[in-house]
Structures are given as C-alpha cells and as structure tokens.
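Here is the structure we will look at, set down as structure tokens.
Derivation of every value follows stated rules applied to the coordinates shown; laboratory data play no part. Computed from a predicted model, the values in this text were never measured in an experiment. Here the Cβ is made from the backbone with ideal geometry for all residues, glycine too, and neighbour counts use every protein chain on show.
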C-alpha cells in the first residue's frame, strides 16, 4: 500500500498505531482492498512521490473493509456524488503499525532484485496505490529491510 510520506508516513503510523486507509479512488485498488484483504494480513508500507520512493516498513490489516466516509462528505476532496449510504462506491480498511525497516528499500533496489522480477508494482505502467504481493516477495523484502 502506497502513501506519500509528506501526507502520511510509516512514522506517522508508528505514532498513531492504527489508521483508517481512506481516499482510495481507483476501482482496481478498491477491489484489492475490498475483496482480497483480511484482518491480520501483513502489508508493505511504500512511500511514493518522494525521492527515492521505496518500502519503509510493514503494517497489518486491522479491520474488515467498510465504506470510506469521505465519499459522503461534500467538503472532502474524496467526495463522490454518485455514492450513497445504501450503495457506497469506495471502501477502506484500518491498518495497524507493525515495523519500520532498519534499511529503507528504494524502488531502484527492488527493480534490481531478480527474485522480485514478477512483482506487480515493478511492472511498467503500474501506478496503483494498492497491489498484491506474493508471500515469497513479502518475505524477501522484509529480509532486505531488516539488514
């Protein structure tokens, strides 16, 4: 899961412990969150739109998916006039801090790792804020971050 660190970073999550992951407005990313995530799933925390972008740590899914309340708030940049309480369009989960890596892993380092060659986020043109990661990819990145 990606976040811009100047908006919300792994250190912010460490400070608050649990946070609602609001503002997802891409259908495929929403579907990954709504249909594929379960409480207790481990997640990589990726810092995007920074120099360099990369993986900063881990968190866990702390809730089942539920409607993002910002879709109903007219003053929010995430407001969606087509969403209703009866038929919400956008979902979210809560995430819980797990760890900050001792070694930040820049995107270029990830791209150079042969074992991560098929990782979704490393494929050309992939810009989703939420992408699936295999168990082997997750374990490999955690080992890299613990060095």
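Here is how the numbers come out for the structure above:
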item: Burial ordering of 42, 137, fewest other beta-carbon atoms within 10 Å first; result: 42, 137
item: Relative contact order (%) - criterion: Cα under 8 Å, at least six apart; region: segment 2-130; result: 31
item: Distance from segment 71-99 to segment 125-147 (C-alpha centre basis), Å; result: 25
item: With Cα atoms, 0 to 90° folded angle of helix 135-145 axis to the chain main axis; result: 60
item: Ranking of 126, 50, 22 by count of other Cβ atoms within 10 Å, fewest first; result: 126, 50, 22
item: Read-out Cα Rg over 2.2 N^0.38 Å, derived from the coordinates shown; its label in [x] 1.05; [y] 1.22; [z] 1.45; result: [x]
